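The structure under discussion appears below in the form of structure tokens.
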Amino acid sequence: MNTLQSAQLYGILDMGYVASGDLLRVAEQMIEGGVEVLQLRAKGCSESEVEAWGQELVVLSEAAGVPLLVNDHPQLVPSIGAQGVHVGQEDFSVEDARWRAGRSLAGEAPAPLVGKSTHGLAQALEAERSGADYIGFGPLFSTPTKPGRPAIGLDQIREVHSQVGIPIFCIGGIKLENLAEVIGAGARRVVIVSGILQARDIAGYCRDVRSVLGAVR
């Protein structure tokens with residue numbers, strides 16, 4: 001299984017972009033292209049839908065050694081068999097999310113991973129203090145996946161990397177065409193959503209992203 005420490009490319013299967021019938025095909029292409037962490041994000045969908053999709057995805061992701069995380073539904077982590085959960089600033093605390101995600105595991109499996117969305121240095125530091133395993137940091141650019149959330153720009157990237165010790169995945173409007181700029185500002189890991197999901201050749205797009213990210217190591 002890939003680890004967060006080694007991962008550079010984090011992909012989100014956003015059901016706002018992916019038809020349910022295409023979910024496994026898109027996930028396969030993302031993994032083939034080199035996505036190292038997958039998240040299932042299904043805003044506005046029922047828990048039963050998220051659970052069913054997650055149970056299909058985890059078979060594929062585990063076989064490939066790619067961690068699967070669920071967005072916003074920590075209570076579904078045990079039944080899906082996912083490796084963890086990602087929560088926003090307005091959602092569960094890190095401690096509560098981890099308890100909900102692992103409460104039925106009874107110590108029989110590794111503690112579930114918990115990622116936290118952060119929108120500035122203070123939130124990033126607080127997420128680390130709270131025990132988050134990683135943070136999403138952004139949105140760097142305006143993005144339709146986060147309507148109403150102002151872009152924070154690139155100025156804080158170096159500072160947050162100098163002060164926060166857990167993995168930092170920069171997110172928000174990042175695409176292949178601005179990736180070099182994001183890396184130049186100090187990013188080491190990125191989350192890409194629409195750029196990947198709207199690509200004609202998803203696997204090829206991911207490979208191109210990984211090639212650019214390879215220079216960071």
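The values are calculated or read from the model by the stated rules, or taken from the named source; none is laboratory data. Just so we're clear, the structure is a prediction, and the values are computed from it rather than from any experiment. Because the Cβ atoms are built from the backbone with ideal geometry, glycine has one as well, and the counts that use them run over all protein chains shown.
Please go through the range 161-181 and give me each residue that is closer than 20 Å to residue 6 by Cβ and surrounded by fewer than 22 Cβ atoms within 10 Å (Cβ to Cβ), ordered by number.
161, 164, 165, 166, 167, 179
Can you report the number of residues in the range 58-86 which are out of contact with any strand residue (DSSP E or B) (no Cβ under 6 Å at 6 or more places or on another chain), crowded, with 16+ Cβ neighbours inside 10 Å and not small (Gly, Ala, Ser)?
Selection size over the range 58-86: 6.
What is the residue count in the range 193-217 for residues that are assigned to a helix (DSSP H, G or I) and either surrounded by 23 or more Cβ atoms within 10 Å (Cβ to Cβ) or out of contact with any strand residue (DSSP E or B) (no Cβ under 7 Å at 6 or more places or on another chain) (or both)?
So the count comes out to 16.
Assess whether residue 204 counts as being out of contact with any Leu (no Cβ under 9 Å at 6 or more places or on another chain) and at pLDDT below 95.
No, not satisfied.
Regarding the range 26-47, can at least one residue be identified that is out of contact with any strand residue (DSSP E or B) (no Cβ under 8 Å at 6 or more places or on another chain), more than 24 Å from residue 214 (Cβ to Cβ), at pLDDT 95 or above and among the acidic types (Asp, Glu)?
yes
Contact list please: Cβ distance under 9 Å, first residue in the range 159-171 and over 14 Å from residue 119 (Cα atoms) and at pLDDT 95 or above, second residue among the β-branched types (Val, Ile, Thr) and surrounded by 16 or more Cβ atoms within 10 Å (Cβ to Cβ), pairs at least six apart or on different chains.
166/135; 167/135
Condition check ((1) among the aromatic types (Phe, Trp, Tyr); (2) under 15 Å from residue 4 (Cα atoms); (3) surrounded by fewer than 18 Cβ atoms within 10 Å (Cβ to Cβ)) across all residues:
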{"position": "97", "(1), (2), (3)": "no, no, no"}
{"position": "119", "(1), (2), (3)": "no, no, no"}
{"position": "123", "(1), (2), (3)": "no, no, yes"}
{"position": "134", "(1), (2), (3)": "yes, yes, no"}
{"position": "138", "(1), (2), (3)": "no, no, no"}
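(1) under 23 Å from residue 195 (Cβ atoms); (2) modelled with pLDDT of 95 or more; (3) buried (at least 17 other Cβ atoms within 10 Å of the Cβ): which one isn't true of residue 146, the others all being true?
Every listed condition holds for residue 146 apart from (2).
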